[in-house]
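A short reminder: the numbers here are calculations on the coordinates, not readings from a lab. As the structure is a prediction and not an experimental result, all values here were calculated from the model. Here the Cβ is made from the backbone with ideal geometry for all residues, glycine too, and neighbour counts use every protein chain on show.
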């Protein structure tokens, strides 16, 4: 009955958010919509890393795939919004499948490198085929508030409703998968791949599925973000975005859906705060906007070294509850190519 | 830290030389929650061979690894020439004159025979000392001189064992820890290796801790022996006395 | 025919840059199984330092040398301070930490120097050379690049083969636990490995930036292509790194030349995908066997 429980929780949250969106002003509604978009993408990533043990620094590219796909459907086929969102997820998921199949045998650093390549290479396609993708200017993806809400209904509130609704649906689905046999199989593969294979799990298929799910979430998140910002352009899908998603997932707590929420809040709220702070201290515009980027780096390093379980892990520990958030040292150590390697470096070096 | 000097091999009777070249006092060590060694004490004088015997899982390998620093003892002391080396890093313990030849030999297969030996000498400060040590090694072990340029991976089991012992000697250690040197070797080769170890005690005055499943061969060259069971020393005596104790032999040593 | 010659020589030229990055990755990977994702970021940062020196002194070679020295120092510091704590933990730790380092260096460069594209001088003329009327597709600058990387690689090979330091590096790379048993302070060896890697990265940065321009993300594409080159050659093999670099440079040069040059990164992605699917351990290693 987990599905019922998750749905009930989602409905409660939806009502709360709807009420909140009425209370908050237009700007905060806009930010709520942004956060919702990122939550979907970060949630997919945190499931990939935390549950299936695979790393990706390329999910920004899958966001791009989803948002460009959705934008093209909106512009050329005039599909309704729900269909566009679903299609974005599917298109990006297909991309995830292709990548996952190609990368099925990759582990750890090799996989990260391949996803990094993806993150750096894929956006160049948009620059190349400018006829289709609109080049640097990009494609317009603004939406209009539906008529039945009345003319006075603030567009930002509609954005918040749409994105939060989509995000809640995605989160319910992710929560269900996480508790299902698939989720348990992912954890088994993550913890000991050989043992999982020996007990009959199809490791490659599970790993690919994890990529499909995380890419689909990234695609949906990308489409949501496109609708929120009103535009899809290559400049938005940089390596920094992919690493920002990673930071959000790590800070929030890998494997935890609540952690995805914390991470996304930080991702939306903190960078502008930092930039303004820097600007007020006299840094130029370009320099100030680099401050959040440097901050991502510092945060990633410190969290990995000192607080591997992230915010959610910390909260759970505070309240004494078991947590879904996985401290990274619990993730299984892959066997190194040479057996000797492990032993010599396992003990602490001076 | 000065280079460890070779002890004077004037007498080979461990009872006469004092203080103990190697003393392990009440060592408690293990992995995770359960201690594998539960209060082990050993005294060995310079120029002696002490056989460490017992069944699998008794803690023999853990004992050597605790002495050489790969396992951090929870309690107890490891005294080499009077200095407590317990809980130091493996590199520092090696430089203090403790050479450990691990189970499985530890040949660096990607290097040549000569390179393996040279690695052994890297702990020495002076270039002349390293060159001299290499020459000594070739003189003492002609089989290595013949194969000096070959990849270490091409050596036979017995040759590898000789290589790693020679390599361990390159830094002129005072204490030599040998973990199952006879493992996987044909009986004739085992005899050669044992004879080699005996010579090292006689010529170089080394203090040798010899961990062996092959208790018969080990007791054949050892001065003293001790038997480990479940992390404790259950028997300790002169090698000859242990070998003569039929009940003990059958119970713990399998012959 | 002339085109073919141009593409080949040009490909070798840029391939040397990939080789330098690949070498720095191999240097670190061999001993520690850590892939240094910040290698490009480090190279970018040391190039900025060189740029500052050159701007102030007007002397290219001063900047060149300072960049290399900074590479050594930066590599050593980063290993000791940030990467050492990840040793022995899950491999994802070092991945995320080095990625954090990458983004930190990019942000820091943006803060200190701003995001605009800056021009960076080349050591020698960048005008293409001709033999008679045949354009070769390479310039004196390209020749210097190739010579510098080859000289550095050769020096590294000699160090590995004939010196005690080199022996230490190799022993630690092949069997760290035995190295420790023999008294080698592998902590220092690791730091040295990172320092050398930083040197090669800095070299690549100074040599390639004249054509990419200098900005915080300037080394991103070079890094991923250097990574691809390292994978082609096999992450354990320095010889493979150089060969992989040249091979990749030439292949991408042909692809870019005959198919259109804006999609070089996509071609690189395809090459990487193919290599990882067919021969993930690289051309110079034994095919992969999984140990159970």
Based on the alpha carbon coordinates of the protein assembly as shown, what radius of gyration and maximum Cα-Cα distance (Dmax) apply, in Å?
31.4, 106
For the protein assembly as shown, share of DSSP beta bridges that run antiparallel, in % to the nearest 5
60 percent
Gap separating the Cα centres of the stretch B:205-247 and the stretch C:47-82, nearest whole Å:
61 Å
In what sequence do C:6, B:146 fall when counting other Cβ within 10 Å, fewest first?
B:146, C:6
Percent RCO, i.e. relative contact order, over chain A, from Cα pairs under 8 Å lying at least 6 residues apart
29 percent
Packing-ranked peptide list from C:83-94, C:190-201, highest mean Cβ count within 10 angstrom first, is C:190-201, C:83-94
Based on DSSP H runs of at least 4 residues, each adding -39500 (n - 2.57), what is the mean residue ellipticity at 222 nm of chain C after dividing by all its residues, to the nearest 500 deg cm²/dmol?
-24500 deg cm²/dmol
When the convex hull of the C-alpha atoms of the stretch C:2-278 is computed, what volume per residue in Å³ does it have?
133 Å³
Between 0 and 90°, nearest 10: helix A:257-280 axis offset from chain A longest Cα axis
70 degrees
Overall form of the stretch A:47-165 per C-alpha gyration tensor (a/c, 1.5; a/b vs b/c):
prolate
How well do other chains shield peptide B:88-99, expressed as the mean number of their Cβ atoms within 10 Å of each residue Cβ?
5
Please give the average number of partner chain Cβ atoms lying within 10 Å of the Cβ of each residue in A:288-295, rounded to a whole number.
6
Would you list B:138, A:296 from fewest to most Cβ contacts within 10 Å?
B:138, A:296
Per DSSP H run of at least 4 residues, take -39500 (n - 2.57); add these up for chain A, divide by its residues and hand me the 222 nm value, nearest 500 deg cm²/dmol.
-23500 deg cm²/dmol
Distance between modelled label sites at residue B:125 and residue A:205, nm, 7 Å Cα→Cβ extension:
6.6 nm
Averaged over peptide A:299-307, how many Cβ atoms belonging to another chain are found within 10 Å of each residue's Cβ?
6
So what's the angle, to the nearest 10 degrees on a 0 to 90 scale, between helix B:127-140 and the longest Cα principal axis of chain B?
70 degrees
With a ≥ b ≥ c from the Cα gyration tensor eigenvalues, square-rooted, and the rule rounded for a/c under 1.5, otherwise prolate when a/b > b/c and oblate otherwise, the stretch C:121-237 is prolate
Rg from C-alpha atoms of the stretch A:142-300, normalised by the globular rule of thumb 2.2 N^0.38 Å, equals 1.28
The base-10 log of I(q)/I(0) that the Debye equation returns for chain A at q = 0.06, 0.10, 0.14 Å⁻¹, one scatterer per C-alpha, is -0.22, -0.61, -1.20
For chain C, what relative contact order do you get, as a whole percent, if you take Cα pairs closer than 8 Å and at least 6 residues apart?
36 percent
Give the separation of the Cα centroids, the stretch A:104-181 to the stretch A:183-209, in Å.
28 Å
Just want the ordering: B:140, C:118, from fewest to most Cβ atoms lying within 10 Å of their own Cβ.
C:118, B:140
What is the angle, in °, between the Cα long axis of helix C:220-233 and the longest principal axis of the Cα atoms in chain C? Nearest 10 is fine, range 0 to 90.
60 degrees
DSSP beta bridge pairing in chain B, given as percent antiparallel to the nearest 5:
55 percent
